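The values are calculated or read from the model by the stated rules, or taken from the named source; none is laboratory data. The model shown is predicted, which means the values in this text are computed figures rather than measured ones. With ideal geometry, Cβ positions are generated from the backbone for all residues, glycine too; neighbour counts draw on all protein chains shown. Surface areas here come from the heavy atoms of the whole protein model, side chains and all, with no ligands, DNA or RNA. Shrake-Rupley method; radii C 1.70, N 1.55, O 1.52, S 1.80 Å.
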Amino acid sequence: MAGLTGAEEVVDGCGRDRSVPDVVANGRLLFLLCRATQGDVAAARVAVARVVPALVMKTAAHCRTAGRGFDTVFDELLASAWIVVTTYPVERRPEKTWINIVLDTERAVFGRQRLVDRLTTLVPPPVLAEHLTIHRTASASHDDRVGDPLLELVDLLAAGRRLGLSDAALNILVEFGIDGLSSHQVAARDGVTDRAVRLRRQRAVTELATLLGLRDSTGSASPRAAGAGAKAYPHHRPGSRQARPDGRAA
């Protein structure tokens, strides 16, 4: 810490100033962590201050996905960061200390984030509804008869929901048709097989098609229903045997 005067210069010297070499910044922060684990409150405060910019970014991200207030999320992360700093395993994890603090803090509050969640951007229903209204207004004013597949799917799901589409069916159709997830991603997230996810999707499309009556003359789902993400199969009538995907009776 030679040559650094004041808490702000120490924080900058620990890497907040990106011009400081990583090796030097990490060594300084590791020194503060050693002191913090020994009960040095001032060292702990400086170490926490080093990761505050990253915690602000994490707070903003979790506010968007969790629908919670910024102050509430930030306070939780800040309190967790203090615990992480004062209990940091300096001997076992001496490298990339500031990153470790941020990740440990986030996991302590929100758990380990799944890869599929990091790669997925969920569109809130109000945004979809607003987009749908704007699109319809523009289409009407320009006499545009070409449908937007995404908006058509939103229409189908909204209509199905009004008719009693189940939560499970709605969720899986949104994940495939709007979020753009693959069966492999959903299977990895839920800890099931790809086949189980595909069957779940098929049941959801069948439920939606049945509610909306989207059947053509052959008994298959219409193109609009197929756009929800999978093929649909004929109605299961009381006393009849439902057809399997391979064409044989179940």
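Counting only helices (runs of 4 or more DSSP H) that sit wholly inside the range 167-222, those with at least 2 residues that are under 18 Å from the mean Cα position of the chain (by Cα) and either in the same structural domain as GLU152 (by the TED database) or modelled with pLDDT of 85 or more (or both) are 167-177, 183-190. Screening the range 1-96 for helices (runs of 4 or more DSSP H) wholly inside it with 2 or more residues that are surrounded by 12 or more Cβ atoms within 10 Å (Cβ to Cβ) and at pLDDT 90 or above returns the ranges 22-37, 41-66, 70-86. Each residue in the range 73-109 was checked for being within 16 Å of LEU32 (Cα to Cα) and within 20 Å of the chain's Cα centre (by Cα), and 1 of them qualify.
If you check GLY239 against the conditions, is it open to solvent by 30 Å² or more (accessible area, probe 1.4 Å), at pLDDT 75 or above and part of a loop (DSSP other than H, G, I, E, B)? Taking the combined requirement at face value, the residue does not satisfy it.
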